[in-house]
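Some notes on the structure that comes next.
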Amino acid sequence: MGMAMTSSPQPPPPPRRRRSRLQSATTISAPSANPNPNPKAKVIPLLSDVGRLQSATPTPTPNGNPNSNPKGKVLPLLSDVGSNPSAIDYYSRVASNLAGAGRLGDFLIAAEGLRAASGDAGFAARINWRLLSRGVVAALREHGLPHVLEFLRDADRIGVHAAVMLDADASDAIAAACRKLLDDRIMAEFVEAIEALASCGFFVKGIVDPMDVLKIFVRKRDPDMAIRYARIFPHSQLLLCNTMEAFGKRKELKYALKVFGALKDQLGGINMFACRSIIDICSHCGSSVQARIIFEGLLAEKITPNTHVFNSLMNANAHSMSYNFSVYKHMQKLGVRPDLASYNILLKTCCNAREFNTAQEIYEEMKKKENDGILKLDVFTYSTMMKVFAEAKMWKMASNIKDDMRAVGARLNLVTWSSLINAYANSGLIDGAIEILEEMIRDGCQPTAPCFNIILTALVKSCQYDRAFRLFNSWMEFGIKVSLSLEQKGSLPDNFTFCEEHPSTNGGTILVVPFRPTVTTYNILMMACGTNDERAKSVMNEMKRNGLCPDRISWSILMDIYGTSQNRNGAIQALRRMQRVGIKLNVSAYTVAIKACVESKDLKLALHLFEEMKAHQLKPNMVTYRTLLTARSKYGSLKEIQKCLAIYQEMRQAGYQAYDYYLKELIVEWSEGVLSSDGGNRNFYHLDRKDERNESFNLFLEKVARFLQKDVDQNQTVDVRGLSKVEARIVVLSTLRKIKEKHLLGKAVQDDLVIITGHEKTSYTDVETTAIDVEHAITAVLTDELGLEVFVGPESRPPVSSKLRAPQRPRRPQGMIKITINSLNHWLTRKTARDVQ
């Protein structure tokens, strides 16, 4: 029975069971699964078991052989690690096996203890990197990237630079995990992972192209995260500059400036390349003021900008001639030498300002420097000068530029030839422009559609519509024929395109160059249709037959033609057709449609389109407002005038320049409408036409506008104290017009109309106006032009006609004018009857 009990499968005693479990958890003894590179060692204990094992293990002999336990090797003492190199190798293998088994936490404990015992970090070089890489891959698969990142940080802290010890498989696995975060757009965790890997020495640049990540942040409009990510890399300055330019291309100036500030803080100063880049971005975003601020910041810090920064600044301010020439003088004062680009930008500035004489002076100075060997003029210089002379219609001077280019051996390019053609066309020399086009072909420069379009545009501007169509049809059918000599034919580039070639009678050859019209070409022909909307539709259909799709400009031209011919329905149909074909309507399209409605005197529909445009989140521009305001003579009712005044105030609130002339004309024409004569006494307002921008008068117009948008007071009292004769007339007539409008709606007059003139003296511009002058002006229009019965002063004495009672000497003003209710009703009845007739 004892034998049976011994052979029965009973569990081992508790101590033995604990030891067996410890061994099974901390050792790898099977040959097939043993990651230990030492195949002779069957059991390798943990560093945490060293104390227990040393107490049960005999002390090794001086020659290294144990005096007991003949079947196994003696474990080295932990205390011998500092003096025994073999002990370091032994416990390094222990740590390696732990890492290979995926037990990265135990690996760190073992490595940290070994480092503390040895006092030397050299043991890290003895770690088996293959086992470490295998364990990292396993941990990454089981626990995820955050666990591995934490391990790498802790390992780096104890002197084991695990990130640089990993093999290719482990590195690729970590990189793939990071890219997974990027693909899922978990950007914050991705940046944190890259920061952690970079701090551990991992080659993070190979994970993904940094600019691809920065472009994501640019699209997300997240400059803070972009700055944080770029600073991870050693070439962060270049990355920040590229990020700044990426924001600039999207016209996100605010974010570009933030990146520029971060770059400046990182460098501890201003980098000229970055400064030049941000100024170029300001130019691209249309903020010349911000470019000037950055430049002034350079000067404030006693930094002398280089030539490239000066050029970028002048290019950003090419619309301001005075500023650019002051910058140019400052450039010379600082001793910064201008280069060819500097002079070219000055030429561009003169061209924009249409200062042709100044441009020619700069060009002559450049030619002198070229003769002295200081500068070498390029094609851009010549093209700019040709553009200057083309806009000035100085075709002879433009032709001289061509001779200058050939004299120095410079070859004319497409831009130069186009500018020369434009110079002749703008001067009305259509035949000369065609000859330049043929000369361009003989010179070996392939003409493009814009070259032909320049000639067609010149014909349309000069109202030669039929010739434009004849020339277009001739080019479409026959192309453009040019006679070339054999030498000229041989000098043509290999990529020169022509459709036919015929021998000429003089021994040369005749080339037929094809004409390929574009959408712009057909748009020009549509403008040549004048008010013939059917012909314009025919041109658009021909465009479609040739495989071209009409663009927004094409439809806008068609709507404008409909409007000019007062075909409101056609214009609205064209607008809706644009929407159906998928063209997104913009402010220009709506403005053209509104103009068509205004010209057809359909103000209700024009105002409806105006509200529809704003409902689509489109902001009206100055042309939109002016289109509605210029229709002031077509506004007849109080409701319409109030809407127009609201549009005017909206324009002012939108920040557009005040065109108070339109407001004045609107109020005058509407208020004068109460008079029997058409337009009333408009000569009465000539005093104010010479001072349209007078601030006090503009404020008065605003007050009148607000007054007209309100209902008439129940007591019908009008206060004109402090106003000039013109202003008082406008206020009184506007009040009567409002009373008339309400009478037409069935609202009867309920009280007398009282006008308070006061006794004060007021000053308006250069004319001093007294209350008596205002009183005379008001009574004149009320009695003589409207036929109303009025009472002046507290005595309520009705005056005689102002033509009979013009005072011979000044008298004291009465301070009040009253129009009785009976007089108002009689006038309204008479006025209504006259309007009906």
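Some points to look at:
- Positions within segment 497-519 being touching a residue at least 24 places away in the same chain (Cβ under 8 Å) and open to solvent by 80 Å² or more (accessible area, probe 1.4 Å), in sequence order: R516
- If you check S383, S419 for being open to solvent by less than 40 Å² (accessible area, probe 1.4 Å), in a helix (DSSP H, G or I), in contact with a Ser or Thr (Cβ under 7 Å, 6 or more places away or on another chain) and within 30 Å of I294 (Cβ to Cβ), only one passes: S383.
- Conditions (1) of a type in the set (A, V, I, L, M); (2) over 21 Å from L828 (Cα atoms); (3) open to solvent by 10 Å² or more (accessible area, probe 1.4 Å); (4) modelled with pLDDT under 80: number failed by L745: (2)
- Check on F273, modelled with pLDDT under 95, among the aromatic types (F, W, Y) and either over 23 Å from D184 (Cβ atoms) or touching a strand residue (DSSP E or B) at 6+ places or on another chain (Cβ under 7 Å) (or both): yes
- Sole residue being of a type outside the set (G, A, S) and either part of a helix (DSSP H, G or I) or open to solvent by less than 30 Å² (accessible area, probe 1.4 Å) (or both), chosen from R185, R141: R141
- Single residue of segment 557-587 satisfying the filter (buried (at least 19 other Cβ atoms within 10 Å of the Cβ) and of a type in the set (S, T, Y)) that is farthest from Q617 (Cα to Cα): S565
- The numbered conditions (1) among the polar types (S, T, N, Q); (2) open to solvent by 30 Å² or more (accessible area, probe 1.4 Å); (3) touching a residue at least 24 places away in the same chain (Cβ under 8 Å) are all true for S554 except (2).
- For first residues located in segment 379-404 and free of Cβ contacts under 8 Å to residues at least 24 places away in the same chain and more than 13 Å from Y343 (Cα to Cα), partners that are in a helix (DSSP H, G or I) and of a type in the set (A, V, I, L, M) and lie 6+ apart or on another chain with Cβ distances below 7 Å form the pairs I401/M385; I401/M386; K402/L420.
- Hey, T457 crowded, with 19+ Cβ neighbours inside 10 Å, closer than 22 Å to V519 by Cα and among the β-branched types (V, I, T) or not: yes
- Considered as a group, the residues in segment 167-182 that are open to solvent by 60 Å² or more (accessible area, probe 1.4 Å) and touching a residue at least 12 places away in the same chain (Cβ under 8 Å) include one that is farthest from G135 (Cα to Cα), and that residue is R179.
- For I572: the one exception among (1) outside any loop (DSSP other than H, G, I, E, B); (2) more than 30 Å from R626 (Cβ to Cβ); (3) not small (G, A, S): (2)
- Looking across segment 192-218, just one residue is buried (at least 18 other Cβ atoms within 10 Å of the Cβ), β-branched (V, I, T) and either assigned to a loop (DSSP other than H, G, I, E, B) or in contact (Cβ under 8 Å) with a residue 40 or more places away in the chain (or both), and that is I207.
- From the options S342, S312, S326, residue that is touching an Asp or Glu at 6+ places or on another chain (Cβ under 6 Å) and outside any loop (DSSP other than H, G, I, E, B): S312
The values are calculated or read from the model by the stated rules, or taken from the named source; none is laboratory data. This is a predicted model, so every value here is computed, not measured. Every residue, glycine among them, receives a Cβ derived from its backbone with ideal geometry; neighbour counts consider all protein chains shown. Ligands, DNA and RNA are excluded from the accessible area calculation, which covers all protein heavy atoms including side chains. Shrake-Rupley method; radii C 1.70, N 1.55, O 1.52, S 1.80 Å.
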